[in-house]
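The values are calculated or read from the model by the stated rules, or taken from the named source; none is laboratory data. The structure displayed is predicted, hence computed values, not measured ones. Cβ atoms come from the backbone with ideal geometry, glycine included; neighbour counts cover every protein chain shown. Remember, those area values only see protein heavy atoms, side chains included, never the ligands or the DNA or RNA. Shrake-Rupley method; radii C 1.70, N 1.55, O 1.52, S 1.80 Å.
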Amino acid sequence: MVSTALPPGSFYGRSAELGTVKRLIEQRVGAQIGFRGIGGIGKSTLLAQIAAEARRLAVTPYIVSIALDEQMTPVGFYRKLLDGLRATGKTTRRRALILGEDTLHPCEMQLRRLEQQEIWLKKKVQTILHAANSGAIGNVVIELHEQHGVETTVLMHDLHKAFVDLVACQLPETVTVPPGVTGYRPGRLLILLVDNLERARPDVLEELRRLRSGSLNERVLLICAGRAEDRPTNSAAPHLLTCDLDRLDEASCHAWLTRSAVTDQALREAILRLCQGVPLLLRLCLHEVEQARAQGETPGAADFALPPQSGGEASLHVVEEFLVERFIERLERGGTQGKQLSRLVRFGCVLPDFADRDAIRALQIDGLPDDLDPLIRALGERGMLSGAEVHPVIRQAALTRLAQREPQRFRDSCERAVAYYTGKGRLVEALTIRLQAGEAIADEEFAQQVATMTRAGDLALARRLVAAVERFAPQRAELAWTAALARVDLARATGRREAVEEELVHAVALAGEQPERVASLEERVRALEQEQPLQNQILLLWWLPRQPDSPDVLQRLLDLGEAFHDAYQYAAATVLLQRSLAMAQRLDDRQGAARALLGLGKALLRQAEETAAQGYYQQALDIYRDVGDRQGAARALLGLGKALLQQAKKTATQGYC
């Protein structure tokens with residue numbers, strides 16, 4: 001409820017993190033560091049303090065801070081970046097006494113063309129999706145050259161190339177010379193601070209990583225913060241969040257309480273016990289103390305004591321809800337404006353932020369004035385907003401309180417918000433509100449929607465919808481399956497065969513043996529098999545044993561079993577070869593059975609099961625002799641000899657023990 005950036009003199013602790021970043025800045029070359037932590041741990045505040053410290057050090061004037069969100073595209077990211085550079089007032093190169101050259105101009109021109117393309121493409125996709133809803137769409141390919149009056153040849157690569165030239169060669173200011181150093185050749189340096197990585201789109205994260213590659217590697221100091229980063233499981237891309245941000249130490253918390261004039265020892269101990277070193281909770285408590293004093297009350301330790309929890313020590317979420325409840329109750333006692341603020345916080349928390357006044361009006365919150373701007377400003381003045389939104393942790397606590405105390409009002413607010421965002425074509429916000437309202441998402445319907453969007457050309461929107469579902473998966477386990485199935489269809493719509501099989505492997509792990517899920521996967525794998533045989537061994541391990549007996553399936557099972565053996569996965573190879581043996585016997589395929597027996601002998605011998613291996617080798621030898629396969633018989637005899645030799649060596653070794 002309080003702003004994420006503290007006023008001057010209100011920053012405590014984090015000396016190790018600040019010291020590390022200070023050393024990176026003083027090195028005057030590019031580097032990268034990222035801070036990861038739970039909501040409310042002070043990530044945004046730390047970035048604000050780092051920005052202030054960077055300006056104090058004055059190594060470079062090019063210091064830009066960007067807060068990411070779900071709506072920001074790569075084009076929007078570069079817009080924020082260029083606007084931040086322009087705000088430094090150090091981007092004009094003097095060419096004569098009264099003439100100057102704007103070094104941002106080449107990037108600005110590329111960016112404007114991309115923004116035009118993005119606007120046109122959004123309109124095109126909306127038209128196509130409208131046709132899709134009418135059932136009149138198949139596989140649609142959007143061609144940018146269909147635009148009229150819009151430059152269509154500009155790509156993100158062109159903008160990135162122009163930005164590289166800007167930072168490496170064009171910006172007029174260079175870093176300051178280190179004190180006492182002679183012969184130093186200063187270069188250009190951009191300090192870029194990026195917050196809310198957990199909310200960023202994958203393509204924006206990719207652009208961030210590109211800023212730390214090539215010739216920008218020594219020109220960009222990238223400092224990130226977030227709860228998590230969207231990074232593919234098998235990706236070789238570097239991590240953006242590299243350090244865990246711990247809770248504040250007790251000495252820093254005591255210093256904060258002392259500066260806030262909290263001198264009562266019992267009250268101090270109660271606040272420290274309640275907040276558990278989380279800066280956001282500590283700030284909420286101090287805000288509560290300040291408000292109580294302003295109203296002539298004397299807060300005591302009992303005001304910050306939670307009742308015992310059935311599960312032991314109170315969780316952070318319980319503490320958050322406790323503090324938010326006290327905050328809202330105090331607002332409601334604060335006259336007309338206080339009641340209006342209380343209603344806005346209680347019901348407006350359904351929305352992602354308060355930037356869209358029409359969205360707030362669509363909620364039909366009783367008692368709000370027609371002109372919302374003074375009320376929104378009052379929220380900011382009371383320290384409840386950071387930019388246009390309530391802190392995500394506090395917003396979640398307010399949502400939980402609303403759902404528990406006024407469930408019908410909560411459902412009504414969610415329905416109105418969903419209708420508003422759907423009507424505006426803002427599908428990610430609409431889906432997010434449906435999810436936070438606990439609405440069930442139909443697996444197949446959602447996967448089909450994602451695939452349709454991908455085929456229509458809006459891959460970024462499809463990925464954002466899937467990411468929105470994944471964010472709720474930790475609280476609702478069934479959504480992990482919903483997102484996994486959608487990822488399969490998304491990869492299929494992009495035509496990336498290898499990615500489809502990898503996503504199917506992930507979905508198989510989530511499906512278990514639930515009949516409906518297995519049926520959905522079997523349908524998708526069967527369609528892939530009709531196009532081209534599967535290549536992913538893990539997927540084949542799941543798929544082949546489910547197929548009816550046939551010579552082709554038997555051959556593939558044998559090949560797969562031998563492949564697992566060659567990859568030193570002997571247990572999996574044993575299972576596959578046993579299934580191959582059973583199928584060969586049902587098909588009366590003696591050569592197939594002999595091959596399976598031979599493979600089982602090899603796999604068991606590798607697992608030091610010499611007696612069992614001898615039995616399988618002997619059975620394979622008998623079959624090969626019966627069918628007249630001399631080469632097969634020779635391989636079986638060789639294996640049998642190896643098994644007997646290994647057993648003899650083991651027996652001899654045991655004699656010395």
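For segment 435-470, name all the residues that are in contact (Cβ under 8 Å) with a residue 60 or more places away in the chain, within 22 Å of Leu351 (Cα to Cα) and of a type outside the set (Gly, Ala, Ser).
Selection gives Gln436, Leu461, Arg463, Arg464.
Can we say Arg382 is open to solvent by 30 Å² or more (accessible area, probe 1.4 Å), more than 14 Å from Leu351 (Cβ to Cβ) and at pLDDT below 90? Full working, then the answer.
Values: open to solvent by 30 Å² or more (accessible area, probe 1.4 Å): yes; more than 14 Å from Leu351 (Cβ to Cβ): yes; at pLDDT below 90: yes.
Yes.
Here is a check on your reading of the model: is Gly100 small (Gly, Ala, Ser) and modelled with pLDDT under 90?
Working: small (Gly, Ala, Ser): yes; modelled with pLDDT under 90: yes.
So Gly100 passes the test.
Starting from residues that are open to solvent by less than 60 Å² (accessible area, probe 1.4 Å) and in contact (Cβ under 8 Å) with a residue 40 or more places away in the chain, keep the ones in segment 481-516 and report whichever is nearest to Asn536 (Cα to Cα).
Restricting to residues being open to solvent by less than 60 Å² (accessible area, probe 1.4 Å) and in contact (Cβ under 8 Å) with a residue 40 or more places away in the chain, the top hit is Val488.
Out of all the residues in segment 552-580, which are of a type in the set (Asp, Glu) and either open to solvent by less than 20 Å² (accessible area, probe 1.4 Å) or within 20 Å of Pro533 (Cα to Cα) (or both)?
Our first condition is that a residue be of a type in the set (Asp, Glu); within segment 552-580, this holds for 552, 559, 562, 566.
Passing the criteria: Asp552, Asp559, Glu562.
For a quick check of your reading of the model, give me the residue pairs whose first member lies in segment 328-339 and is more than 15 Å from Glu290 (Cβ to Cβ), whose second is at pLDDT 85 or above and not hydroxyl-bearing (Ser, Thr, Tyr), with beta-carbon atoms closer than 6 Å and at least 6 apart or on different chains.
Glu332/Lys339
Tally the residues that are within 28 Å of Gly19 (Cα to Cα), in contact with a Pro (Cβ under 8 Å, 6 or more places away or on another chain) and open to solvent by less than 40 Å² (accessible area, probe 1.4 Å), restricting the search to segment 56-91.
1
List every residue pair whose Cβ atoms lie under 6 Å apart, where the two residues are 6 or more positions apart in sequence or sit on different chains, the first residue falls within segment 170-183 and is among the β-branched types (Val, Ile, Thr), and the second residue, located anywhere, is assigned to a loop (DSSP other than H, G, I, E, B) and open to solvent by 70 Å² or more (accessible area, probe 1.4 Å).
Close Cβ pairs satisfying both conditions: Val177/Tyr184.
Scanning for something among the hydroxyl-bearing types (Ser, Thr, Tyr) and within 26 Å of Asp549 (Cα to Cα), does segment 600-615 turn up at least one residue? If you could, list the steps in order and put the result at the bottom.
Of all residues in segment 600-615, those among the hydroxyl-bearing types (Ser, Thr, Tyr) come to 611.
Next, from what is left, pick out any that are within 26 Å of Asp549 (Cα to Cα): none.
No: zero hits.
Got at least one residue in segment 44-53 being of a type in the set (Ser, Thr, Tyr) and either farther than 19 Å from Asp353 by Cβ or not in a loop (DSSP other than H, G, I, E, B) (or both)?
To start, the set of residues in segment 44-53 that are of a type in the set (Ser, Thr, Tyr) comprises 44-45.
Still in the running and either farther than 19 Å from Asp353 by Cβ or not in a loop (DSSP other than H, G, I, E, B) (or both): 44-45.
Taking every residue of segment 44-53 in turn, at least one turns out to be of a type in the set (Ser, Thr, Tyr) and either farther than 19 Å from Asp353 by Cβ or not in a loop (DSSP other than H, G, I, E, B) (or both).
Which of the residues belonging to segment 531-553 are assigned to a loop (DSSP other than H, G, I, E, B) and within 30 Å of the chain's Cα centre (by Cα)?
At the first step, the residues of segment 531-553 found to be assigned to a loop (DSSP other than H, G, I, E, B) are 532-536, 547-550.
Leu534, Gln535, Asn536 - these are the residues of segment 531-553 that are assigned to a loop (DSSP other than H, G, I, E, B) and within 30 Å of the chain's Cα centre (by Cα).
On the given criteria, is Glu297 modelled with pLDDT under 90, charged (D, E, K, R) and more than 30 Å from Ala419 (Cα to Cα)?
Details: modelled with pLDDT under 90: yes; charged (D, E, K, R): yes; more than 30 Å from Ala419 (Cα to Cα): yes.
Spelling it out, Glu297 is indeed modelled with pLDDT under 90, charged (D, E, K, R) and more than 30 Å from Ala419 (Cα to Cα).
Does segment 588-611 contain at least one residue that is surrounded by 16 or more Cβ atoms within 10 Å (Cβ to Cβ) and over 30 Å from Gly641 (Cα atoms)?
no
Has segment 438-450 got at least one residue that is small (Gly, Ala, Ser) and open to solvent by 70 Å² or more (accessible area, probe 1.4 Å)?
Pass one, segment 438-450, residues small (Gly, Ala, Ser): 438, 440, 442, 447.
Among the residues that remain, those that are also open to solvent by 70 Å² or more (accessible area, probe 1.4 Å) are: 440.
Yes: segment 438-450 contains one or more residues that are small (Gly, Ala, Ser) and open to solvent by 70 Å² or more (accessible area, probe 1.4 Å).
Take the residues of segment 345-377 that are closer than 13 Å to Phe410 by Cα and assigned to a helix (DSSP H, G or I): which is most open to solvent (accessible area, probe 1.4 Å)? If you could, list the steps in order and put the result at the bottom.
First, the residues of segment 345-377 that are closer than 13 Å to Phe410 by Cα: 345-351, 363-365.
Cutting the leftovers down to assigned to a helix (DSSP H, G or I) gives us 345-348.
Details: Val345: 6, Arg346: 38, Phe347: 5, Gly348: 0 Å².
Ranking the candidates gives Arg346 first.
Which one is surrounded by the most Cβ atoms within 10 Å (Cβ to Cβ), of the residues in segment 420-434 that are within 18 Å of Thr482 (Cβ to Cβ) and free of Cβ contacts under 8 Å to residues at least 40 places away in the same chain?
Taking the candidates together, the pick is Leu431.
Of (1) in contact with a helix residue (DSSP H, G or I) (Cβ under 7 Å, 6 or more places away or on another chain); (2) surrounded by fewer than 23 Cβ atoms within 10 Å (Cβ to Cβ), Gln631 satisfies all except one. Which?
(1)
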